[in-house]
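**Q** A single structure is presented below for examination.
The values are calculated or read from the model by the stated rules, or taken from the named source; none is laboratory data. Only a predicted model underlies this, so the values are computations on that prediction, with no experimental measurement involved. Every residue, glycine among them, receives a Cβ derived from its backbone with ideal geometry; neighbour counts consider all protein chains shown.
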Ligand SMILES: Nc1ncnc2c1ncn2[C@@H]1O[C@H](COP(=O)(O)OP(=O)(O)O)[C@@H](O)[C@H]1O
Ligand SMILES: [Mg+2]
């Protein structure tokens with residue numbers, strides 16, 4: 001059993017998008033739990049929309065947990081599943097810490113067009129927290145919402161490498177299909193319209209489960 005956590009203190013970087021796609025792809029292989037640990041409950045909303053569309057299957061079992069319960073309750077719940085994905089972050093630092101403690105593999109989505117200092121501080125804070133709370137945690141940065149027309153991702157990659165961070169080779173670009181899929185309680189695979197988006201998610205999945 002592997003427990004993944006999609007974490008970042010910054011919002012809008014693609015935590016929920018990454019978490020729900022990962023959870024559905026894992027659910028194809030075995031019983032999967034998706035823990036929504038963000039008070040904004042976007043993953044839970046996605047799961048609710050998903051229930052209206054029986055053709056979107058398989059589904060992870062989705063539950064909301066807050067703060068310390070992500071670790072304590074999450075640990076107990078996880079025992080009944082083959083795979084677990086936690087969507088955590090936002091400004092709830094207790095939730096973030098609990099998720100980092102529970103997880104074996106952390107994925108930190110970073111908006112590649114967010115080259116501002118504040119976003120970098122957020123990222124490094126999460127990495128530092130992860131190292132403090134769970135030295136065994138495997139931390140991987142995922143460049144998301146990449147604009148292929150700019151060099152932002154290249155610059156970001158240089159920065160992340162300088163920091164000694166492990167960055168996934170797969171980059172997820174800014175694509176309408178991702179926004180549409182989430183809004184429908186689906187994945188880009190299930191919408192089936194954007195083959196490049198599907199390929200990006202498949203590559204991400206392969207890399208992160210290797
Ligand atoms: N690769 C992408 N391409 C286009 N839109 C995206 C992408 N990833 C996320 N979004 C959109 O950006 C917003 C924030 O994404 P979300 O996954 O909810 O981030 P977070 O959970 O980190 O706040 C949502 O409206 C989502 O649909
Ligand atoms: Mg979210």
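**Q** For residues in the stretch 175-210 being within 14 Å of the chain's Cα centre (by Cα), within 16 Å of ligand 2 (Cβ to nearest atom) and within 25 Å of residue 123 (Cα to Cα), which is surrounded by the most Cβ atoms within 10 Å (Cβ to Cβ)?
**A** Checked the stretch 175-210; the qualifying residue surrounded by the most Cβ atoms within 10 Å (Cβ to Cβ) is 178.
**Q** Which residue pairs have Cβ atoms under 6 Å apart, sit 6 or more places apart or on different chains, and have a first residue in the stretch 173-187 that is without any contact (Cβ under 8 Å) to a residue 60 or more places away in the chain and a second that is within 16 Å of ligand 2 (Cβ to nearest atom) and part of a helix (DSSP H, G or I)?
**A** Every condition considered, no pair remains.
**Q** Please go through the stretch 129-139 and pick out each residue that is crowded, with 18+ Cβ neighbours inside 10 Å and either assigned to a strand (DSSP E or B) or modelled with pLDDT under 85 (or both).
**A** 139 - this is the single residue of the stretch 129-139 that is crowded, with 18+ Cβ neighbours inside 10 Å and either assigned to a strand (DSSP E or B) or modelled with pLDDT under 85 (or both).
**Q** Counting just the residues of the stretch 79-97 that are surrounded by 19 or more Cβ atoms within 10 Å (Cβ to Cβ) and more than 16 Å from ligand 2 (Cβ to nearest atom), which one comes out nearest to residue 47 (Cα to Cα)? Break it down stepwise before answering.
**A** Step one: filter the stretch 79-97 for residues surrounded by 19 or more Cβ atoms within 10 Å (Cβ to Cβ), giving 81, 83-90, 92, 95-97.
With more than 16 Å from ligand 2 (Cβ to nearest atom) added as a condition, the list becomes 81, 83-84, 97.
On the way: 81: 18, 83: 17, 84: 15, 97: 24 Å.
Across the stretch 79-97, the extreme among qualifying residues is 84.
**Q** Please enumerate the residues belonging to the stretch 141-174 that are assigned to a loop (DSSP other than H, G, I, E, B) and surrounded by 18 or more Cβ atoms within 10 Å (Cβ to Cβ). Steps first, answer last, please.
**A** To start, the set of residues in the stretch 141-174 that are assigned to a loop (DSSP other than H, G, I, E, B) comprises 147-151, 163-166, 174.
None; the set is empty.
**Q** Continuing with the same structure: Considering the stretch 13-64 alone, what residues qualify as being in contact (Cβ under 8 Å) with a residue 24 or more places away in the chain, within 13 Å of ligand 2 (Cβ to nearest atom), more than 14 Å from the chain's Cα centre (by Cα) and surrounded by fewer than 21 Cβ atoms within 10 Å (Cβ to Cβ)?
**A** Those that are in contact (Cβ under 8 Å) with a residue 24 or more places away in the chain, within 13 Å of ligand 2 (Cβ to nearest atom), more than 14 Å from the chain's Cα centre (by Cα) and surrounded by fewer than 21 Cβ atoms within 10 Å (Cβ to Cβ): 39, 40, 64.
**Q** So residue 189 ticks every box in (1) in a loop (DSSP other than H, G, I, E, B); (2) within 19 Å of residue 43 (Cα to Cα) but one. Which box is left unticked?
**A** (1)
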